[in-house]
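> The structure's right below; bear with me while I get my questions together.
Rule-based calculations on the coordinates, nothing more; no lab input. Just so we're clear, the structure is a prediction, and the values are computed from it rather than from any experiment. Every residue, glycine among them, receives a Cβ derived from its backbone with ideal geometry; neighbour counts consider all protein chains shown.
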Amino acid sequence: MNARTVPLPGGDDELPFVDEHHVVVSAPALVVWRALLAHFTRPDLSGARALASVLAAEPRRASGAALDDGATLPGFVVARAVPGRLLRLSGRHRFSRYAWVFTLAVRSGATTLTARTNAEFPGLHGSVYRGLVISSGAHRAFVTRMLRAVRRAAERETGG
């Protein structure tokens, strides 16, 4: 992790780099995409809605067709969606402005799913929030768990 500012795939916005995590999935990219879609649209998102409300996130609710450009999820706007290749989510709340970018790359019959986070945490409250969420390792644990869940779902679909 470092504080460099780098361009984000799928958009011209620039935010400081936070972290990046990868998982190799024994499934085609479109199957991984469907598993990612299912993860973000599962019915048990009440915790995400509650957190978005507490943090005064924009947007706070889901709207539009799931993972289509311009659709929303609690705390995120789908800034760019290219099925089987790229999902760029962006959002903001009282302590941060952020982007979460998922890329899918086919390699040797498998798909590498990468989740990259870029964010800024302005002011004292933003610094405290960064410490609680990023520096504590909570974000890393959450993203790793999510990527593994997507991998399990995709591999289950293909019998892998």
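> Between L51 and R156, how high is the FRET efficiency from 1/(1 + (r/R0)^6) when r is the Cβ-Cβ distance and R₀ = 45 Å? Nearest 0.05.
It comes to 0.95.
> Given only helices, namely DSSP H runs of n ≥ 4 each adding -39500 (n - 2.57), what is the per-residue ellipticity at 222 nm of the chain, to the nearest 500 deg cm²/dmol?
Computed ellipticity for the chain at 222 nm equals -10000 deg cm²/dmol.
> Here is a further query. Amide H to amide H, which residues 5 or more places from A71 or on other chains are under 5 Å from it, using H placed in the peptide plane?
When sequence neighbours closer than 5 places are left aside, the close amide H contacts are V78.
> When the expected Rg is taken as 2.2 N^0.38 Å, what fraction or multiple of it is the alpha-carbon Rg of region 36-97?
Here the Cα radius of gyration is 1.06 times the empirical estimate.
> Moving to a separate point now. Taking 22 Å as R0, compute the FRET efficiency from the Cβ-Cβ separation of A141 and L37 and round it to 0.05.
Working from the Cβ atoms, E equals 0.45.
> Now a separate question. At 7 Å along Cα-to-Cβ for each site, give me the label-to-label distance between S108 and D69 in nm.
Between S108 and D69, the label points sit 3.5 nm apart.
> If you don't mind, another one. I want to verify a result. In a Gaussian network model of the chain, Cα cutoff 10 Å, which of these has the top mean-square fluctuation: V25, V133, V78?
Among V25, V133, V78, the largest GNM mean-square fluctuation belongs to V133.
> How far apart, in nanometres, would the label points at E58 and H22 be if each is projected 7 angstrom from Cα along the Cα-to-Cβ direction?
3.6 nm
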